[in-house]
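Bear in mind these aren't lab numbers, they're just calculated from the coordinates by the rules spelled out. All values derive from a computational prediction rather than experimental measurement. Reconstructed Cβ throughout: ideal geometry from the backbone, glycine too, with neighbour counts over all protein chains shown.
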Amino acid sequence: MHVNPIKVNLVTGGAGFLGSHLIDRLMNAGEEVICIDNFFTGRKANISKWMSNAKFEFIRHDITDPIQVEVDRIWHLACPASPVHYQNNPIKTAKTSFLGTYNMLGLARRVNAKILLASTSEVYGDPEVHPQPESYRGCVNTIGIRSCYDEGKRIAETLCFDYKRMHNIDIKVMRIFNTYGPRMLPDDGRVVSNFIVQALKGEPLTIFGDGSQTRSFCYVDDLINGMINMMNKDETGPINIGNPDEFTIMELANLIRKKINPNLDFVFKPLPQNDPLQRQPVIELAKDKLEWEPSINLSEGLDKTISYFKKSIT
Ligand code: NAD
Ligand code: UDP
């Protein structure tokens, strides 16, 4: 009998920002990859270079419907991540998180695959504990405009742990904090891409609220290293993956303005409902269990991202 020793990876959401960087890393390592995406926020251009590669296969599919494929590892990333996108059709967002994760866990069970869930710092909501360790249970509004995403990811985590308890599925739950880099959409709506695109176009930077709210920004290459380490380790999680360097939104705006055009104005807009006022990961678990920590600081990561946007929007 011929036993195929090659491991097959399924990447859901593989045409998106993080998914396409993950696919590049897997393909460059000589692995087999099946990418599933419905192109809601993903782009063909992000994966086009692999389309004619025999080790790559693309399936246009919406993960709210079940699918049967033979795979060994499932990297489950499909879900819009920008508030603008996930609030565009909040019912669909909740369905993607719940039904999509349910379908992927069902697939993992049928084919005996490992599954990694791209969860989020949003499970901590607008946190009352700062910085946020994995043991913090969060402060999430169940009925606000962010709830479709936050609660969607919370039920996705719950499903993973129930599949582990009931069916002994090999799950990995990774809580990703704000990540940025090349291939974010120019109209993505997230703060790093918004500020860079506005600055390159000579437009004022849009500060929501007074800009005193904080985020901790992780460069995409660091994030993908953490994701790969987690899949390869015998750890269930949840584990925070993010860069603990914390900045106010005003500090970020000033840094980007200084790098692109120091004469630009700021325009202040209302802070969206339930916008978390502070966010910073505790990454001791990632350091200890995954031997991972970020190595690219904000200034360096912004330079790489700015040079990407300079090429892609001009
Ligand atoms: P993205 O929007 O660029 O990518 C999401 C991808 O999923 C897109 O290609 C989209 O078309 C696809 N998709 C969405 N709904 C789908 C569906 N129903 N069926 C099939 N495909 C679908 O976002 P991203 O930043 O790459 O985020 C990827 C994952 O990481 C998401 O699960 C997100 O929640 C998580 N995450 C990202 C961040 C971040 O800062 N980038 C932070 C926390 C968590
Ligand atoms: N933000 C902003 N201007 C923008 C886009 C976002 O001031 O043009 C703020 C937003 O209110 C939030 C922070 O930047 O406080 C991060 O927003 P993003 O959408 O990037 O991520 P999330 O809120 O999901 O962390």
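What does the charge count around LEU277 come to, taking other residues whose C-beta lies under 14 Å from its C-beta (Lys +1, Arg +1, Asp -1, Glu -1)? Don't skip to the answer; put the middle values down first.
Working: positive: ARG146, ARG215, ARG279; negative: GLU122, ASP126, GLU128, ASP210, GLU246, ASP275.
Once positives and negatives cancel, what remains is -3.
Sequence-ordered 3J(HN,Hα) estimates for the range 280-296 from the Karplus curve with 6.51, -1.76 and 1.60 and θ = phi - 60° stand at 7, x, 8, 10, 4, 5, 4, 5, 6, 8, 10, 6, 10, 8, x, 10, 10 Hz, glycine and proline given as x. Projection of the Cα convex hull of the range 78-172, averaged over all directions and equal to a quarter of that hull's surface, yields 6.2 nm². For the chain, the spread of Cα coordinates along the three principal axes comes to 69, 43, 38 Å, biggest extent given first.
With the highest mean first, a sort of the peptides 145-157, 265-277, 62-74, 79-91 on other beta-carbon atoms found within 10 angstrom per residue produces 145-157, 79-91, 62-74, 265-277. Against the empirical curve 2.2 N^0.38 Å, the C-alpha radius of gyration of the range 41-124 lands at a ratio of 1.18.
Given +1 at the Cβ of Lys and Arg, -1 at the Cβ of Asp and Glu and no other charges, the dipole of the chain around its Cα centre is 680 debye to the nearest 20. About its Cα centre, the dipole of the range 105-263 is roughly 460 debye, where the only charges are +1 on Lys and Arg Cβ and -1 on Asp and Glu Cβ. Dividing the convex hull volume of the Cα atoms of the range 142-185 by its residue count, what figure in Å³ per residue is obtained? So the per-residue hull volume is 109 Å³.
Mean projected area of the Cα convex hull of the range 164-314, taken over all directions, amounts to 10.1 nm². Residues whose amide H falls under 5 Å from that of GLN132, counting only those 5 or more places apart or on a different chain, are GLN280, VAL282, with hydrogens built in the peptide plane. Bridgeable lysines around LYS259 (alpha carbons under 26 Å apart, same-chain partners fewer than 8 residues away excluded): LYS201, LYS269, LYS304, LYS310, LYS311. Among the DSSP helices (H) of the chain, those spanning at least 24 angstrom by Cα along their long axis with an average Kyte-Doolittle hydropathy of -1.0 or more are 90-111, 147-167; this is a geometric and hydropathy rule only. Along the axis of the charge dipole computed for the range 84-173 (Cβ charges of +1 for Lys and Arg, -1 for Asp and Glu, origin at the Cα centre), the listed residues SER121, ALA108, PHE161 are led at the positive end by ALA108.
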